[in-house]
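Colleague: Take a look at the following structure, please.
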Amino acid sequence: MFSLNDNKLAHEIVSNIKKKKINLKFMHVCGTHQDTLVKHGLDFFLKDCGIEIGQGPGCPVCVTTPKEIEEMIFLAKNGKIVTTFGDMIRVPGEKKSLQNLKTEGYDIRTVYGIEDAVLIAKSNPDKEIVFMAVGFETTAPTTASAILKNPPENFSILCCHRTIPFALKTIIDMGELKIDGLIEPGHVSTIIGIEPYEFISREYNIPQVIAGFEPIDILMGVWMLIIQIEQNSPFVQNEYSRAVKRDGNIKAQKVMNKVFEVCDVKWRGFPIIPKSGLVLKNDFDQYDSRKKFEDDIIDLQNYKFKEPKGCRCGELLRGLISPRECPLFGVKCFPDNPIGPCMVSIEGSCNIEFKYLKNK
Amino acid sequence: MIYNQKIVCLAIPGKIIKIDDKDDSATVDYGDGTKRMINISLVDVKIGDYVLVHAGFAIEKLDEVEAQKTLDLFREMLSDLEGK
């Protein structure tokens, strides 16, 4: 349907950027953007043009905290059927991953989406089924929609949903790195629209472009940021208008608002980020694993979790280093035997860098 | 192609070929021979529409006219540049 693989156009954009003789640092927050950048070598092309683009905390699996993983491990050990997306089960907890537990005989299942987890609950009425609900605004409406359909009593969710805009604010406020422009995640934006990002351009004078996932989309996004910087008129520009409407997907937002309320939550590599998480509203307590099985996970509440030894995923998620700057990358940490989550998830920048190593 | 369980944020375009209003479900064709039942409770769609599918749900309708506009815009911006 959409042909955006125009090689000539891509080269024209790159050569025009090169003529500008600039030195800028942009950040995006999406594993799929990172995949496009590295797969097509755009990161190299753009670096050559004076533009560095790094992936910030844009990988839901990567920003999930060790505590949340340990909660799932505790619930599995207490006899629940634990379900989640495939990448999540391979992320190492303090001692083990859910995958390790599975090999020990605990009932851990990967699902394509929450509806599959509800089906497992329906066909196992004598068991408790917990779905680890991970993901940004793209995924949260799917969780909310399933909850509104009154799943069976033996189903509940461990809510780990997080939201993007205030994480961006935090990373800017932390002031650890210079950000000249932000490329906003296309699929998060299909849900939330443009407005939730606008305060960033207004308060911090940072240009933003919502971009799609084809190489041309990203190059065009970069181009739009450059023009905004030249004109000193930062705003939220929508390059991905074929999928993102100004107000987002209002139907999905309504479903989300019925089920969730906003909360403060810790992200891996970050302190607690205000207004960046979602919890189930009290009306849905029966589906909240943390309330339903409070006694099973009570020991974790005040426990201080440690990151894996030598792992620099935290700095990577804050945009301070690139995968190859981590001494473990490709030495001790591999996709088959990962130490940190950024090497596990197909949206993690280490996993992506490793996957396309042969291209470089 | 496998639309596997690993993908948290990726959304894949597909064409709606059948709708079952009773349980908010529809069948999408991904254009490579793969068809799948999806949930359409988050969107308003009809047969023939293209949607982005994420974790078993259509999350938004794709707009063909906007896609063309984007391409036209790109070309226009570049021809402006070349004209300078």
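Colleague: Out of (1) in a helix (DSSP H, G or I); (2) farther than 30 Å from A:ILE108 by Cα, what's the single condition that is false for A:THR142?
Modeller: Status for A:THR142: all satisfied but (2).
Colleague: Are any of the residues in segment B:2-10 modelled with pLDDT of 90 or more, among the charged types (D, E, K, R) and out of contact with any Pro (no Cβ under 7 Å at 6 or more places or on another chain)?
Modeller: Looking for residues that are modelled with pLDDT of 90 or more, among the charged types (D, E, K, R) and out of contact with any Pro (no Cβ under 7 Å at 6 or more places or on another chain), one finds none in segment B:2-10, hence no.
Colleague: Quick check on A:ILE69: is it more than 27 Å from A:GLY193 (Cβ to Cβ), in contact (Cβ under 8 Å) with a residue 12 or more places away in the chain and within 18 Å of the chain's Cα centre (by Cα)?
Modeller: yes
Colleague: Another question, then. Run down A:GLY86, A:GLY135 and say which single residue is under 17 Å from A:MET256 (Cβ atoms) and within 12 Å of chain B (Cβ to nearest Cβ).
Modeller: A:GLY135
Colleague: Output yes when any residue across segment A:302-310 is within 25 Å of A:CYS62 (Cβ to Cβ) and part of a helix (DSSP H, G or I), and no when none is.
Modeller: No, segment A:302-310 has no match at all.
Colleague: The conditions are (1) over 30 Å from B:LYS15 (Cβ atoms); (2) crowded, with 17+ Cβ neighbours inside 10 Å; (3) within 14 Å of chain B (Cβ to nearest Cβ); (4) not acidic (Asp, Glu), and A:LEU46 fails exactly one of them. Which is it?
Modeller: Condition not satisfied by A:LEU46: (3).
Colleague: Then there's this: Yes or no: segment A:203-210 includes at least one residue that is more than 19 Å from the chain's Cα centre (by Cα), under 30 Å from A:ASN7 (Cβ atoms) and either away from every other protein chain (no Cβ under 11 Å) or modelled with pLDDT under 95 (or both).
Modeller: Within segment A:203-210, one or more residues are more than 19 Å from the chain's Cα centre (by Cα), under 30 Å from A:ASN7 (Cβ atoms) and either away from every other protein chain (no Cβ under 11 Å) or modelled with pLDDT under 95 (or both).
Colleague: Then there is this: What is the one condition in (1) among the β-branched types (Val, Ile, Thr); (2) over 21 Å from A:GLY212 (Cα atoms); (3) within 7 Å of chain A (Cβ to nearest Cβ) that B:ILE17 does not satisfy?
Modeller: (3)
Colleague: Collect the residues in segment A:129-154 that are more than 28 Å from A:GLU347 (Cα to Cα) and touching a strand residue (DSSP E or B) at 6+ places or on another chain (Cβ under 7 Å), keeping them in residue-number order.
Modeller: A:ASN154
Colleague: Of everything in segment B:36-73, what is assigned to a strand (DSSP E or B) and either more than 14 Å from B:PRO13 (Cα to Cα) or facing chain A (nearest Cβ under 7 Å) (or both)? Give them in sequence order.
Modeller: Matches in segment B:36-73: B:ASN39, B:TYR50, B:LEU52, B:HIS54, B:PHE57, B:ILE59, B:GLU60.
Colleague: Could you tell me which of the residues A:THR84, A:THR36 is closer than 30 Å to A:ASN124 by Cβ and buried (at least 19 other Cβ atoms within 10 Å of the Cβ)?
Modeller: A:THR84
Colleague: Could you please find all residues in segment A:1-31 being within 11 Å of chain B (Cβ to nearest Cβ), closer than 24 Å to A:SER189 by Cα and buried (at least 22 other Cβ atoms within 10 Å of the Cβ)?
Modeller: Listed by number, the residues that qualify are A:VAL29, A:CYS30, A:GLY31.
Colleague: Looking only at residues in segment A:115-132 that are surrounded by 24 or more Cβ atoms within 10 Å (Cβ to Cβ) and either facing chain B (nearest Cβ under 9 Å) or of a type outside the set (Val, Ile, Thr) (or both), which one is farthest from A:GLU70 (Cα to Cα)?
Modeller: Among them, the one singled out is A:ALA117.
Colleague: Tell me, yes or no, whether segment A:124-135 has at least one residue that is at pLDDT 95 or above and assigned to a helix (DSSP H, G or I).
Modeller: No, that holds for no residue.
Colleague: Give the residues of segment A:161-202 that are of a type in the set (Phe, Trp, Tyr) and out of contact with any helix residue (DSSP H, G or I) (no Cβ under 7 Å at 6 or more places or on another chain), sorted by residue number.
Modeller: A:PHE166, A:PHE199
The values are calculated or read from the model by the stated rules, or taken from the named source; none is laboratory data. Owing to the predicted nature of the structure, the values given are computational and were not obtained by experimental measurement. Glycine gets a Cβ as well: all are built from the backbone with ideal geometry, and neighbour counts include every protein chain shown.
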